[in-house]
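One structure is given below, encoded as structure tokens.
Every number in this text was worked out from the coordinates using simple rules, so none of it is lab data. Note that the structure is predicted; figures quoted are calculated from it, not measured. Because the Cβ atoms are built from the backbone with ideal geometry, glycine has one as well, and the counts that use them run over all protein chains shown.
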Amino acid sequence: MSAFPQAAFLVSAASPTQFPPDFGAEVAFVGRSNAGKSSAINAITHHKGLARTSKTPGRTQLLNYFHLAPNARLVDLPGYGYADVPAAQRRVWGPLIEALRERQSLAGLFVVVDARRGLKDGDADLIAWARPEQRIHVLLSKADKLTRSEGMAALREAGAVLGPRASVQLFSAFKGTGVREAQAVLEGWIRGAGATPARPAAQ
């Protein structure tokens with residue numbers, strides 16, 4: 001049963017004027033190209049195909065907004081670290097990302113990192129970019145590709161690098177590892193910002 005039964009696509013924003021009204025709570029999902037960001041969104045919302053997945057890096061070209069619950073949104077950002085994105089497109093992204101950073105409704109960021117590769121400079125830059133009051137939660141994705149001991153080592157290493165600035169967990173959209181934990185973080189942020197996720201009725 002989905003923790004976000006009302007989840008649905010809202011808009012693909014090509015400019016800040018196309019952003020939804022700046023109220024309620026929104027959580028951004030960011031990560032390097034092909035880190036598993038779209039798969040993570042689909043697994044956490046329990047809506048297969050909500051975010052379009054692709055094996056081609058750089059598929060997400062705009063800021064894609066999704067309705068999660070009343071006054072609560074998720075925003076899927078373009079993947080970073082993909083050299084073949086045209087320069088013109090990168091120039092469009094800059095103002096979009098900066099405008100997003102300044103939104104009062106932006107409660108925090110989920111940073112999706114391939115657990116096999118660990119945190120890189122681009123991930124650190126993104127974490128530093130966030131405003132101090134914006135929360136950060138790191139998903140070490142594709143954890144099913146690691147052994148248990150490798151996964152725990154990746155978790156310890158990321159935790160040591162992040163310190164108190166961000167929380168971190170192992171995650172696998174394929175195996176379902178850490179999905180409920182990530183849902184709980186997302187729900188907590190939404191409630192903390194004054195929005196209420198719609199919970200499924202008890203069966």
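List of remarks:
- DSSP-defined beta bridges in segment 8-192 - what % are antiparallel, rounded to 5: 30
- Label-point separation, Lys175 to Glu133 (7 Å along Cα→Cβ), nm: 3.9
- Two-site label geometry, Ala160 and Asp144: point separation in nm, points 7 Å out along Cα→Cβ: 2.9
- Global geometry of segment 8-192, whether rounded, prolate or oblate, following the gyration tensor of its Cα atoms and the 1.5 cut on a/c: rounded
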